[in-house]
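**Q** Handing you this structure, nothing more for now.
Read-outs throughout are calculated quantities, based only on the coordinates presented, and are distinct from any laboratory measurement. On a predicted model such as this, the values are computed, not experimentally measured, just so you know. Counting neighbours? That spans all protein chains shown, and the Cβs are built from the backbone with ideal geometry, glycine included.
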Amino acid sequence: MSKQLKDMITSELKRRLDGVNDAVLVNVIGMNSLNTYLLRKELRSKNINLLVVKSSLARRAAEGTPLAKAFEGGEGSLALVWGAEDFVSLAKEIVEIKKKPEFDKLEARGGVMDGERLTPEALEDVSKWPSRTEQISILLGQILAPGANLLSQINAPGGLLQSQLKKKSEGEEGAPAA
């Protein structure tokens, strides 16, 4: 491949990867064309991009970006996967997709998160973390819990008084005197 062609491909890769800070590297070699199509279709439906690149060209395109560490030591063709709501959601999707029988040849090679290189094992660990949405719901629950407890404590005596008044107004015999 001529230097001019490599430069053109590198500049196109830089353009496509502009703004991508976190990504997962996978190996799709060995998958047949139908399964590759199904993989791309499933990822696209979840707003996830997959780009098969030659490692040396991707390394050149990622120089000086947070993605640069992802391509250290990589050889041959790799597929770069990015997108989703956050990196944890992306890792969860890749781990779940690997479990499907039609994608059994899909192999996670690691990735990069916040400028740090991840091994395949670390990627598996990240997939067990709560996603952004889950973290927000946990945080909101922690913020709202004291208020809910206070509200229930404030309402409890009023509720007791209301039930006693209701029993008294209905003329029930077992109603305690106020």
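**Q** Taking the alpha-carbon centroid of each part, what is the distance from the stretch 1-40 to the stretch 68-130 in angstrom?
**A** Answer, in whole Å: 14.
**Q** Mind jotting down the three principal axis lengths of the stretch 130-169 based on Cα atoms? Whole angstrom, largest first.
**A** If we take the Cα atoms of the stretch 130-169, the spans are 53, 13, 7 Å.
**Q** Find how much the distance from LEU5 to LYS167 grows on full extension, using 0.36 nm per residue of separation minus their present alpha carbon separation; answer in nm with one decimal.
**A** Numbers: separation 162, 0.36 × 162 = 58.32 nm, distance 8.81 nm.
So the extension gain works out to 49.5 nm.
**Q** Right, here's the next one. Suppose each label sits 7 Å from its Cα in the direction of the beta carbon; what would the LEU144-ASP125 distance come out to in nanometres?
**A** If labels sit at LEU144 and ASP125, their model points lie 3.3 nm apart.
**Q** Follow-up. Using a Gaussian network model of the chain whose springs link C-alpha atoms within less than 10 Å, name the residue from ARG59, ARG16, ARG117 with the highest mean-square fluctuation.
**A** ARG16
**Q** Under the classification rounded if a/c is under 1.5, otherwise prolate if a/b is larger than b/c and oblate if not, where does the chain fall, given a ≥ b ≥ c as square roots of the Cα gyration tensor eigenvalues? Let's see the in-between values first.
**A** Numbers: a/c = 4.45, a/b = 3.13, b/c = 1.42.
Prolate, because a/c is 1.5 or more and a/b exceeds b/c.
**Q** While we're on this one: When the dipole is taken about the Cα centre of the stretch 3-129, and only Lys, Arg (+1) and Asp, Glu (-1) are charged at their Cβ, what size is it in debye, to the nearest 20? All intermediate terms of the calculation are to be shown ahead of the outcome.
**A** Working: 21 positive and 20 negative charges, 109 e Å.
Roughly 520 debye, rounded to the nearest 20.
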